[in-house]
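Comments concern the structure below.
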Amino acid sequence: MSPSTEAPPTHGGDHADPQTPQPGLEPGPKKKLRVAAVGDLHVAEAHVRPHRDLFQRVHEDADVLCLCGDLTNHGTRREVEILLEDINDCRIPIVAVLGNHEHECGRPDEVTQSLCDAGVRMLGGEAYEIDGVGFAGGKGFVGGFGRYMLSPFGEASIKAFVQEAVEDANAIENSIRTLRTERSVVVLHYSPVVDTVMGEPPEIHAFLGSSRLGETIDRYDNVSLVVHGHAHRGAPEGRTHKGVPVYNVALPVLRTLGDTPYRVFEV
C-alpha cells in the first residue's frame, strides 16, 4: 500500500510549560516537524471530557499528535464516544494505533472505523506522510525480548501465538517499507525494546512487547524515532540495537516527568 500524501484534516486554558522537545536521530535538512505523543488515556464510561485540556492545547506545542493505543478501557461504543468528544477539539492532524484494551469488547474494527470517521489517521499496516515526515506502525504484539523471546516450538497454541506476533511485525514492516521520506516516526502500542519496560515486574516483560518489533525497525535507515505506550511503570527512554531512539509515552510515565500530558519531539 502506498502512503497517503494528502494533508490530513485538522481537529477542532491555561497551559503549563511544555517539556523540552526531544531531537530525533536524523532530523534531516528540512524544516523540523513538532510531533507530540501520548498513549494509555484509558477513557472510561464514567468519564466526562477527561482529556479536554490535552486536545485543546496540544496545537500550541506540536504540529502532529500521535496516540499510542489503549485510548479506552474496554473499547465500548460509549467510551469511544467520550474519547471523540475530546478529539473533536484537536486542531492538528492525529495519527493513532489501537492498544490491547480496544480489543477487549471484541470490536476493534468498529473502534478503528469510528476514529477514522472523526478524521484520525489509523496506523495498522498503513503509512502516511505529513509535511515531509512519514508515519508508520501498528499495535504490535507481545513475545519477550532478546534471548528470552518466545519461539515457535512445541504446542500448536504456542506456535499460533508466535505466528500472530510475526504477522503483526510483518504488517508494521510493510507500512515502514512504503515510506519514501528521509524522516519517519514509528508509532506502536507495545514496546520494541526491553529498555522502556524496565521498572515493570520482570515476570511480565514478555507481555509488554517484543524484540521482533525492534528488529523490524532496525532494518530501515529512515526511522528517526519510535513512540509506544502500554508499560505504565516502564522507563521513558531507550534505544534499539541499531541506536534508534525509543520513547515510552504512556500517560502514567509522562506524569513522572511533569505536568504536560504529552511529550514533544522535533523530527
Completion exercise
Taking a crude spin-label model, label points 7 Å out from Cα along the C-beta direction, the D53 to K159 distance in nm is 5.3
Problem - Spin-label model distance (nm) - R233 vs K30, 7 Å beyond Cα toward Cβ - result: 4.2
Exercise for the section: Please state the charge dipole magnitude for the chain, taken about the Cα centre, from unit charges on C-beta atoms (+1 on K and R, -1 on D and E), reported in debye and rounded to the nearest 20. Expected result: 560
Problem - Cut-off 12 Å, label 7 Å out along Cα→Cβ of S114, residues of segment 64-85 by amide N - result: 71-85
Fill in the blank from the handout: Of all DSSP beta bridges with both partners in segment 124-267, the antiparallel percent, nearest 5, is 30
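Looking at the chain, what % of its DSSP beta bridges pair antiparallel, to the nearest 5? Can you show the working numbers first?
Numbers: 11 of 41 bridges.
So the antiparallel bridges in the chain amount to around 25 percent.
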Problem - Cβ-derived FRET efficiency at R0 41 Å, Y148 paired with L257, nearest 0.05 - result: 0.90
Handout entry: Ranked by how many other beta carbons lie within 10 Å on average, peptides 207-216, 225-234, 38-47 from highest
Key = 225-234, 207-216, 38-47
Exercise for the section: Would you kindly state how much longer the chain becomes between R219 and N170 on full extension, computed as 0.36 nm times their sequence separation minus their alpha carbon distance, in nm to one decimal? Expected result: 16.4 nm
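Any read-out appearing in this document is the output of simple, stated calculations on the displayed coordinates, not a laboratory observation. The structure presented is a predicted model; accordingly, all values stated were derived computationally and were not measured. Every residue, glycine as well, gets a Cβ built from its backbone with ideal geometry; the counts of neighbours run over all protein chains shown.
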